Amino acid sequence: MQAHGDRAAAPHVSIILPVYNAELWLDECLESVLQQDFEGSMELSVFNDASKDKSMTIIEKWKVKLENSGVLVVIGGHDSPSPRGVGYSKNQAIAQSSGSYLCFLDSDDVMMPQRVRLQLEAAAQHPTSIVGCQVRRDPPNSTERYTRWINQLAPDQLLTQVFTSNGPTVIMPTWFCSRAWFSYVGPFDEGGQGEPEDLLFFYSHLRKGGGVIRVDQSLLLYRYHPNAATHSVLETTIWTHRVRFLEERALPHWATFTIWNAGRQGRRLYRSLTAGMRRKVVAFCDVDENKIRKGFYCHEDSQDLTGGAFEDNLRSLHLQEGRDFLHFS
């Protein structure tokens, strides 16, 4: 890390840390900043989003420790009656920082010592990519399936599963990217609680041709607890954004397609599509004998779009060669 005499120069990496009522985890989080083995210049940019606990006391204590070790600490925030949300806090933390690269960190997580160094190496090689990493979950047995998905997606799946996942294929607390690229894509949506600012930014990133890279080492302890901000985002909100992005980026390229899933999710997807996209659906496909035995799908809530012919096209639950298939879950 940088020596005191180097502080006049802009830091190479800014760690972006939004904070809201994080006193339970901040000591471990900030200790992990201090323990980074990165030898270049680094700053910590903290934005306190109207915390009502002892978060600011902890931050001020660690500011002294970190700056004595050569890490510049920039602190911003507000004391309004209510928080303004994660998107706003991240934007403010970025605005007050000055590093060439941005390393995102949640206040309830812990970085491994090599995180900044390894992700910076990857980001320097891929300047228009979001760089993620593998994670270790805490508690260890929480969200086991989701954790496997985070860690085991193949490199090509980081893009192909964008349309079928509930969030970014590299999770937000692991993001690392250049400031120049963030400025080109961003800022984060500031809709506040309940808005998936990371997913919306991720979609904008992809629209502008950005790549997705993952360092295949566990560089973050990713905590699961009831107070995590992600729990405030409704599944229906995420679903709506996913379907709209699918209609924008993938479905226009297909003359027709088959929905793989003749059950509840497949029907839900069909009902969520715009009328024009529904007309492209020629069949539902499934391997469940109970569904196939029905032989047809009746969309109770739909209007008769083409004089009955459209619903007739859906009275088929079989695999059709030469079609494009969409598996939505």
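Points worth noting:
- Along region 65-70 the Karplus relation, 6.51 cos²θ - 1.76 cosθ + 1.60 evaluated at θ = phi - 60°, assigns HN-Hα couplings of 4, 5, 5, 5, 9, x Hz to successive residues, with x for each Gly and Pro.
- log10 of Debye I(q)/I(0), alpha-carbon scatterers only, for region 92-210 at 0.09, 0.10, 0.23 Å⁻¹: -0.24, -0.30, -1.71
- Each residue, residue 200 and residue 9, gets one label point 7 Å from its Cα in the Cβ direction; the gap between the two is 3.8 nm.
- Across region 140-151, rounded Karplus estimates of 3J(HN,Hα) from the backbone phi angles (6.51 cos²θ - 1.76 cosθ + 1.60, θ = phi - 60°) give x, 9, 8, 6, 4, 5, 5, 5, 4, 4, 4, 8 Hz, Gly and Pro being marked x.
- When 241, 253, 225, 126 are compared by accessible area of protein heavy atoms, the largest-first order is 253, 126, 241, 225, using a 1.4 Å probe.
- Residues whose placed amide H lies under 5 Å from that of residue 215, excluding near-sequence neighbours: 132, 133, 134
- Each of residue 207 and residue 225 was given a label point 7 Å from its Cα along the Cα-to-Cβ line. The distance between the two points is 3.5 nm.
- Across every direction, the projection of the convex hull enclosing the Cα atoms of region 21-160 has a mean area of 9.6 nm².
- Packing around the peptides 203-215, 112-124, 141-153, taken as the average count of other Cβ atoms within 10 Å per residue, puts them in this order, highest first: 112-124, 203-215, 141-153.
The values are calculated or read from the model by the stated rules, or taken from the named source; none is laboratory data. Remember, it's a predicted structure, so these values are computed and weren't measured experimentally. Virtual Cβ from ideal backbone geometry, glycine too; neighbours counted across all protein chains shown. Side chains included, ligands, DNA and RNA excluded: accessible areas come from the protein's heavy atoms. Shrake-Rupley method; radii C 1.70, N 1.55, O 1.52, S 1.80 Å.
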